[in-house]
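Enquirer: What follows is a single structure, and I will ask about it in a moment.
Just so you know, all these numbers are worked out from the coordinates, no wet-lab data involved. The shown structure was predicted, so the numbers you read here are calculated from the model rather than taken from an experiment. Note that each Cβ is placed from the backbone with ideal geometry, even for glycine, and that neighbours are counted across all protein chains shown.
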Amino acid sequence: MDDYQINAEFIEKPDSGAMLEITNLLKENDLTFETDIDETLLIRIGDSLAATGSISGNILKCIAVKKEYKNINLTGSIMTNLINREYQKGNTDFFLFTKPKNKGIFLQLGFSPVYEVKNSVVLMENNPLGLDNYLKELKKESRSKLDITGKAASIVVNCNPITNGHLYLIEKAADECDVLHLFVVSEDRSLFPMKVRYQLVKEATSHINNLVLHKGSNYIISNATFPSYFIKESKQIIDIHARLDLGLFSEIIAPALGITARFAGDEPLCPVTSNYNRLMKEILPKHGIDFHIIKRFETDGEPVSASRVRKCLLKRDFSSIKKIVPSATYNFLASSEGEKIIEKLKKAGK
């Protein structure tokens, strides 16, 4: 590699020329560029773009090397640069998703497999004890409930923000089991930041005595953060994401907590969530986990949803909002912090 003049730089928003170079290099490797990227690394040899890699939160993605340079370990250079960049930001734990055929490359670079969907995708992380530490944390949070004999169930929610619809689902599920594990998806790409979503859920559910609240971490994989840059067929994305997320949940997380049931609300509005429910019905029972769908809570003949709250918020229709959210959510939305959310909604044009 010493014989090559190599230059590496990070850019946040590639201009049209750089974007064309990046997309062409990714295309050469049967990959595509994703829109949620924070920074992109460009490694040039002379004037030619020889390699690239990107960062999205604490996920490393869109890693590719030009064919004529694949024999000089540029993948190692990409990973070193990306990892050092993450360290500079204070991130010490990071993840990547790749095709199973590439697993060996990243094993040599110090990454460990977390879970693999055969012939589709493998999730890897730099910390070989990361998953074990997460399971220990889940058990620590559940300590007061682990000795309870009976049915342990779970729900996974985003709550962007929590509504009376979410609360209805959680209360119904709690009535059907002895212990309910509630996971709040940790990705921070929702309108409401993770810290806010989690706190509002905590306040709204504080009266449910048999509930244990958990942060999803990177092991509850959100549709918003699941990368699809290496998947050719768009119709496969939902299926592969579900099989990765549900496999990791049902084979590793659920057994650690004794979970034997999972609840979800029916989904008349969102085709993606409806499809995910269908896949849960197919996959979970194969691992000894019963799947239950609870009819969506409605007011005025309309399902109560977070999107409905956001629409009302954009119109500043607080009287309608008050009817469909817990008091914790309403008080937040009516505060100065709620004003910031309204401004974000306006900028997003939603």
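Enquirer: Is the chain rounded, prolate or oblate when judged by the Cα gyration tensor, a ≥ b ≥ c being the square roots of its eigenvalues, rounded requiring a/c under 1.5 and prolate requiring a/b larger than b/c?
Expert: Because a/c hits 1.5 or more and a/b exceeds b/c, the chain counts as prolate.
Enquirer: In debye, nearest 20, what is the charge dipole magnitude of segment 32-173 about its Cα centre with +1 on Lys and Arg Cβ and -1 on Asp and Glu Cβ, if you could check?
Expert: Charge dipole of segment 32-173: 420 debye, to the nearest 20.
Enquirer: Now a separate question. Taking the Cα centre of the chain as the origin and placing charges on Cβ (Lys, Arg +1; Asp, Glu -1), which of I324, L257, T163 is farthest toward the positive end of the dipole?
Expert: I324
Enquirer: Using the alpha-carbon atoms, what tilt in degrees (0 to 90, nearest 10) does helix 130-141 show relative to the longest principal axis of the chain?
Expert: On a 0 to 90 degree scale, this one is about 20.
Enquirer: Below 18 Å, Cα to Cα, which aspartates and glutamates can K346 reach? Residues fewer than 8 away in the same chain don't count.
Expert: D317, E337
Enquirer: Let me ask another. What is the order of K139, K103, fewest Cβ neighbours within 10 Å to most?
Expert: Fewest to most other Cβ atoms nearby, the residues stand as K139, K103.
Enquirer: Could you list T92, T329 so that the one with the fewest beta carbons within 10 Å of its beta carbon is first and the one with the most is last?
Expert: Final ranking by Cβ density, sparse to dense: T92, T329.
Enquirer: What shape does segment 226-313 have by the C-alpha gyration tensor, where a ≥ b ≥ c are the square roots of the eigenvalues, rounded means a/c under 1.5, and otherwise prolate means a/b greater than b/c and oblate the rest?
Expert: oblate
Enquirer: Output the 0 to 90 degree angle, nearest 10, between the alpha-carbon long axis of helix 164-175 and the longest principal axis computed from the alpha carbons of the chain.
Expert: So the inclination is approximately 70 degrees.
Enquirer: Let me ask you something else. Please find the FRET efficiency linking K139 to L191, where r is the Cβ-Cβ separation and R0 is fixed at 35 Å, and quote it to the nearest 0.05.
Expert: Using R0 = 35 Å, I get an efficiency of 0.65.
Enquirer: Structure shown: which of K215/K322; K67/K344; K103/K202; K139/K295; K99/K136 lie over 32 Å apart, alpha-carbon to alpha-carbon?
Expert: Pairs exceeding the cut-off: K67/K344; K103/K202.
Enquirer: Lys/Arg Cβ at +1, Asp/Glu Cβ at -1, dipole of segment 133-348 taken about the Cα centre: which of M280, A334, N210 is farthest positive-ward?
Expert: Selected residue: A334.
Enquirer: Compute the angle between helix 74-88 and the longest alpha-carbon principal axis of the chain, please, reported from 0 to 90 degrees and rounded to the nearest 10.
Expert: The angle comes out at about 50 degrees.
Enquirer: OK, next. Quick check: net charge around I208, other residues with Cβ under 10 Å of its Cβ, Lys/Arg +1 and Asp/Glu -1?
Expert: -2
Enquirer: Pull up the DSSP beta bridges for the chain and report the antiparallel fraction as a percent, rounded to 5.
Expert: Antiparallel bridges: around 60 percent, rounded to the nearest 5.
Enquirer: Which of T149, T273, T98 moves the most in a Gaussian network model of the chain with Cα springs under 10 Å?
Expert: It is T149.
Enquirer: Which order do the peptides 152-158, 274-280 come out in when sorted by mean C-beta neighbours inside 10 angstrom, highest first?
Expert: Taking the mean over residues of other Cβ atoms within 10 Å, the ranking is 152-158, 274-280.
Enquirer: Given contacts defined as C-alpha pairs under 8 Å and at least six residues apart, what's the relative contact order of the chain, whole-number percent?
Expert: The normalised contact order for the chain reaches 14 percent.
Enquirer: Would you be so kind as to identify which of G76, L180, Q108 lies farthest towards the positive end of the dipole of the chain, taking Lys and Arg as +1 and Asp and Glu as -1 on Cβ and the Cα centre as origin?
Expert: L180
Enquirer: For D147, what is the net charge nearby, where nearby means another residue's Cβ is under 13 Å from its Cβ and Lys, Arg count +1, Asp, Glu -1?
Expert: Around D147, the surrounding residues sum to +2.
Enquirer: Between H287 and K172, what is the spin-label point distance in nm, taking each point 7 Å from the Cα along the Cα→C-beta axis?
Expert: 2.4 nm
Enquirer: If you put +1 on each Lys and Arg Cβ and -1 on each Asp and Glu Cβ, how big is the dipole of the chain around its Cα centre, in Debye rounded to 20?
Expert: 700 debye
Enquirer: Give, as a single signed number, the net charge of other residues whose beta carbon lies under 15 Å from the beta carbon of K70, with Lys and Arg counted +1 and Asp and Glu -1.
Expert: Result for the neighbourhood of K70: 0.
Enquirer: Right, here's the next one. Which order do the peptides 125-135, 183-193 come out in when sorted by mean C-beta neighbours inside 10 angstrom, highest first?
Expert: Top to bottom by mean Cβ count within 10 Å: 183-193, 125-135.
Enquirer: So, one more: Which order do the peptides 63-75, 296-308 take when ranked by the mean count of other beta-carbon atoms within 10 Å per residue, highest first?
Expert: The packing order, highest mean first, is 63-75, 296-308.
Enquirer: May I ask for the Kirkwood hydrodynamic radius of segment 144-211, worked out over all distinct Cα pairs and given in angstroms to one decimal?
Expert: Hydrodynamic radius (Kirkwood, Cα pairs) of segment 144-211 is 12.5 Å.
Enquirer: Explain nothing, just the number: dipole magnitude of segment 143-190 about its Cα centre with +1 on each Lys and Arg Cβ and -1 on each Asp and Glu Cβ, in debye rounded to the nearest 20.
Expert: For segment 143-190, the charge dipole is close to 60 debye.
Enquirer: Right, here's the next one. Distance in nm between label sites at L314 and K295, each 7 Å beyond Cα in the beta-carbon direction?
Expert: For L314 paired with K295, the spin-label model returns 3.0 nm.
Enquirer: In addition: Would you mind calculating the gained length between E9 and S120 on full extension (0.36 nm times residue separation, minus the Cα-Cα distance), in nm to one decimal?
Expert: Separation in residues times 0.36 nm, less the Cα-Cα distance, equals 36.8 nm.
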